[in-house]
Amino acid sequence: NAGVTQTPKFQVLKTGQSMTLQCAQDMNHNSMYWYRQDPGMGLRLIYYSASEGTTDKGEVPNGYNVSRLNKREFSLRLESAAPSQTSVYFCASKFTPGVDTQYFGPGTRLTVL
Amino acid sequence: QQPVQSPQAVILREGEDAVINCSSSKALYSVHWYRQKHGEAPVFLMILLKGGEQKGHEKISASFNEKKQQSSLYLTASQLSYSGTYFCGTAVQGGSEKLVFGKGTKLTVNP
């Protein structure tokens, strides 16, 4: 099992460019998440998907869109990147609804110039 | 609302003990602890549930005071491998899909 995988590992964008961050899990998990991590801020939830076909906003959804493509894959799209979106992005997943362990991917380090 | 972690940072010598605290202004259903090493993903340590149930590593010790909305993580006889940033994540409902994470506590263990 690869667990949670993310692509790309690193990305540099110019202001206004768009891109999609990919996340996939092979653990048959139902719930998937996108977080951003900024220095000194902890992990902040952007969007999540409790099950295939559903998505909901987290704490900091502005400037992002998501797609739960199927049970395995959950993508995060930046339509028009801004320097404030420079961050490390983590995808996570968990098996059951409600209280359960979240498993994190290795992260994508994004820089917006 | 983001839980508050204390201390923000702690430096230990190998073999010493540390306590990391996590406090919330809201009534909590569960507290989740994760450790993150530099440049890596957060890794699960423990879940503490309202009512006293715990799930996690046998070597990790933690408590959850439901009345005070506080949790503490106890690191005893620290090892070099304990170094990293510790995060608590809190959920206010049993069916909640969302965790709100604190800003983290950086632990450094020196030889």
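Values quoted throughout were computed directly from the atomic coordinates according to the rules given, and no laboratory measurement underlies them. Predicted model only: the values in this text are computed from it and were never measured. Counting neighbours? That spans all protein chains shown, and the Cβs are built from the backbone with ideal geometry, glycine included.
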Can you sort A:GLU79, A:GLU73, B:GLU97 so the residue with the fewest Cβ neighbours within 10 Å comes first? A:GLU79, A:GLU73, B:GLU97
Neighbour-count order for A:GLU59, B:GLU53, fewest beta carbons within 10 angstrom listed first: B:GLU53, A:GLU59
To check my understanding: the extent here is largest minus smallest coordinate of the Cα atoms along each principal axis. What are those three numbers for the protein assembly as shown, in Å, largest first? 48, 37, 36
Using the alpha carbons of chain B, what is the convex hull volume per residue in cubic angstrom, as a whole number? 94 Å³
Quick one: putting +1 on the C-beta of Lys and Arg, -1 on the C-beta of Asp and Glu, what dipole do you get for chain A around its Cα centre, in Debye to the nearest 20? 200 debye
Taking only the alpha carbons of the stretch A:1-95, what extent do you get along each of the three principal axes, in Å, biggest first? 36, 26, 24
Neighbour-count order for B:VAL4, A:VAL4, fewest beta carbons within 10 angstrom listed first: B:VAL4, A:VAL4
